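Visitor: Let me begin by handing over the structure; questions about it come next.
The values are calculated or read from the model by the stated rules, or taken from the named source; none is laboratory data. Everything quoted here is computed from the prediction, not taken from an experiment. When we count neighbours, we look across all protein chains shown, and the Cβ atoms used for this are built from the backbone with ideal geometry, even at glycine. All accessible areas refer to the heavy atoms of the entire protein, side chains included, with ligands and DNA or RNA removed. Shrake-Rupley method; radii C 1.70, N 1.55, O 1.52, S 1.80 Å.
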Amino acid sequence: ISGLVLCHFVWLQVFVSLAAEYETPKNSFNQISLWGGILPSKEHAKFWIHTSNKHRFIDQGSNLRGKEYNLTLHWHVMPKTSKMFADKIVMPSYRLPEEYR
């Protein structure tokens with residue numbers, strides 16, 4: 001993220017989140033929040049996180065078995081002045097197995 005957007009702002013903090021996004025026959029857009037965090041300063045703009053997901057990736061109703069989904073990294077920059085800026089990077093074409101517990 002730092003090379004994409006953070007170097008252009010004098011910012012207060014950045015909200016970052018990772019979501020799984022997918023389609024179903026009933027809804028063209030579904031989103032499951034997997035992780036979220038706040039970068040309080042530019043010194044924290046480069047980070048490495050190794051953690052189990054904060055929110056469970058639950059397939060209620062078996063909608064995701066064998067289906068494709070995208071992982072999307074969202075960020076919202078709250079600058080010290082001016083309006084909030086948001087953007088994202090979509091990492092497409094992940095697929096869950098046909099069978100799991």
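Visitor: What order do 41, 33 take when sorted by accessible area (1.4 Å probe), most exposed first?
Guide: These residues rank, largest area first, as 33, 41.
Visitor: Between residue 71 and residue 42, with labels modelled 7 Å along Cα→Cβ, what's the label distance in nm to one decimal, could you check?
Guide: Spacing of the two 7 Å Cα→Cβ label points: 2.9 nm.
Visitor: Run the 1.4 Å probe and let me know the accessible area of residue 98, rounded to the nearest 10 Å².
Guide: Its accessible surface works out to 130 Å², give or take rounding.
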